[in-house]
Every structure is written in structure tokens, then in C-alpha cells.
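Worksheet: one structure, shown below.
The values are calculated or read from the model by the stated rules, or taken from the named source; none is laboratory data. The shown structure was predicted, so the numbers you read here are calculated from the model rather than taken from an experiment. So basically every Cβ, Gly included, is an ideal-geometry build from the backbone, and we count neighbours across all protein chains shown.
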């Protein structure tokens, strides 16, 4: 979805994209807190604030290149966090043993 956002799309698409990205970061933040991570709740929390649809962050005209870099970094951090948090054991889960 983020890759499509680089092209010219209607305003409603970008609002929907912000909603999806904010929700995914919110879920990531919750999972990171549950796994007692120190840094990942902050990473996901900042992403949630950056992509929130209620109070959008505007970087001004001509900032499309900045948004492209932010989106690429956000996607990379999302997947790195998913990988690292999935490999971390949660409280009360003993791995099926």
C-alpha cells in the first residue's frame, strides 16, 4: 500500500493509508509492550504518531522525497520489529514445552 502512495492518488486514499499504517504501528506497539521490549514500543509509537489520520504531520510542499524516505524507513523498521519480536519469548509462554 505504501508503494502505491508514491504515485498520484486521491486524497481519500492517503487518509485510508494513514489509518492502516497508524493501526499497524499501534498493534506493533502493543505487541512490543507485551513482550517487554525496551526500544520497540517507542519505535512503533513514533510511527503511530507520524501516520495518525486525526492530526496529520505535514512536511510542506516539495517534501515528497522526504516522505518516500520516511516510508521506506518505516517499512524496514516494521519488518525488522516483526522479526525480532516474533523470535522473543513472551511471558507465560514456554514454547510449547
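So that you can scan it fast, the table gives a plain yes or no per residue for (1) within 14 Å of the chain's Cα centre (by Cα); (2) surrounded by 17 or more Cβ atoms within 10 Å (Cβ to Cβ); (3) at pLDDT 85 or above; (4) not in a helix (DSSP H, G or I):
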{"site": "14", "(1), (2), (3), (4)": "no, no, no, no"}
{"site": "20", "(1), (2), (3), (4)": "yes, no, yes, no"}
{"site": "42", "(1), (2), (3), (4)": "yes, no, yes, no"}
{"site": "55", "(1), (2), (3), (4)": "no, no, yes, yes"}
{"site": "66", "(1), (2), (3), (4)": "no, no, no, no"}
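Taking residue 71, is it in a loop (DSSP other than H, G, I, E, B) and either surrounded by 12 or more Cβ atoms within 10 Å (Cβ to Cβ) or in contact with a helix residue (DSSP H, G or I) (Cβ under 7 Å, 6 or more places away or on another chain) (or both)?
No.
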